[in-house]
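The values are calculated or read from the model by the stated rules, or taken from the named source; none is laboratory data. If you're wondering where the values come from, they're calculated on a predicted model, not measured in any experiment. Cβ coordinates were reconstructed from backbone atoms using ideal geometry, including for glycine residues, and neighbour counts include every protein chain displayed. Side chains are part of the model used for accessible areas, which takes the heavy atoms of the whole protein and leaves out ligands, DNA and RNA. Shrake-Rupley method; radii C 1.70, N 1.55, O 1.52, S 1.80 Å.
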Amino acid sequence: MFKGVGTALITPFNEDFSVDYVSLKRLVEFQLKSNVDALIVLATTGEAPTIEINEFEEIVSFIMNEVNRKVPVIVGTGTNNPKKVLKLNKIAESLKVDGLLIVNPYYNKSTQNGLVEYYKYISEHTILPIILYNVPSRTGMNITPQTIVKIHSLCPNVIGVKEASGNISQIAELMAIKPDSLNVFSGNDDQTLPIMTLGGCGVISVVSNIFPSEFRELTHLILKERISEAQTINNKLLKIANLLFVETNPMPVKYAAYKLGLCKNYLRLPLIQASKSTENLIDEELSKLGLL
């Protein structure tokens, strides 16, 4: 679907918590001018759990019009209710998005066999390519490498996985047993370099909301096997990548985007603005990087 960097786009809000389409246009334009390889819309960083279905359709439609097929648009439709997932998938299909990002179901806590059946059911009811999203810190459940490979073998339109388990040993095992037809994307910015050197094809990135050009260069250098040059960029951006996760994502990155004039600093509850101490750390690092 893509190689390189796909930005997990933030969803900007106004002071009354309505969607800020002026800022959304600015954010999309910034990403396109920076030549990112894909946009990932309404996933964790986009505060998907607080987006109503009518807003989902409006936001995706707006972004599809702005992007105008310049890069792939992949939309997060995963919930713990398969009927809702199918409903969101149908909207995504009608808007002709390029693919779906579907998180493993949270709270219900199925079994590995249950995950296979869950994704099989969803894949059979959509024509769109699917990227699995493994993020146990949020869902309370891990998708094992064996389960990922089994889902891929049973579901031809499951073409990749966003691996945000944080477990490099597990990801190395996945790389060792997966077929070439399964794409692995880093789900953690600070692990982009090791995951891609293991064989991953890119990253679904939070940091690229504010450093899109740099993260694109990082990923494309790795794809060209120019590792020492990639390490230089990685070392430069590693601290800001970690700072954007000292509190719950997207609280820190939305503040950073606000400081760069990309959007307002409003989040929907239960998320709130980052603490003052976090803001100070981000300000200091952005200043060191020459952005403030």
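Some observations on this one:
- Residues that are aliphatic (A, V, I, L, M), within 14 Å of ILE74 (Cβ to Cβ), under 17 Å from the mean Cα position of the chain (by Cα) and modelled with pLDDT of 95 or more do occur in the stretch 111-131.
- Scanning the stretch 251-263 for residues that are open to solvent by less than 20 Å² (accessible area, probe 1.4 Å) and either in contact with a Leu (Cβ under 7 Å, 6 or more places away or on another chain) or acidic (Asp, Glu) (or both) gives MET251, PRO252, VAL253, LYS254, ALA256, LEU262, CYS263.
- When the stretch 265-292 is filtered for residues that are without any contact (Cβ under 8 Å) to a residue 24 or more places away in the chain, in contact with a Lys or Arg (Cβ under 9 Å, 6 or more places away or on another chain) and either surrounded by 13 or more Cβ atoms within 10 Å (Cβ to Cβ) or not in a helix (DSSP H, G or I) (or both), the ones remaining, listed by number, are ASN265, GLN273.
- Number of residues in the stretch 91-110 that are over 22 Å from GLU47 (Cβ atoms) and either among the small types (Gly, Ala, Ser) or more than 20 Å from the chain's Cα centre (by Cα) (or both): the value is 3.
- If the condition is being closer than 18 Å to PHE211 by Cα, among the aliphatic types (A, V, I, L, M) and in a loop (DSSP other than H, G, I, E, B), then the stretch 21-78 contributes VAL36, VAL71.
- Of the residues making up the stretch 1-53, just one is basic (Lys, Arg), farther than 17 Å from VAL253 by Cα and touching a residue at least 60 places away in the same chain (Cβ under 8 Å), namely LYS3.
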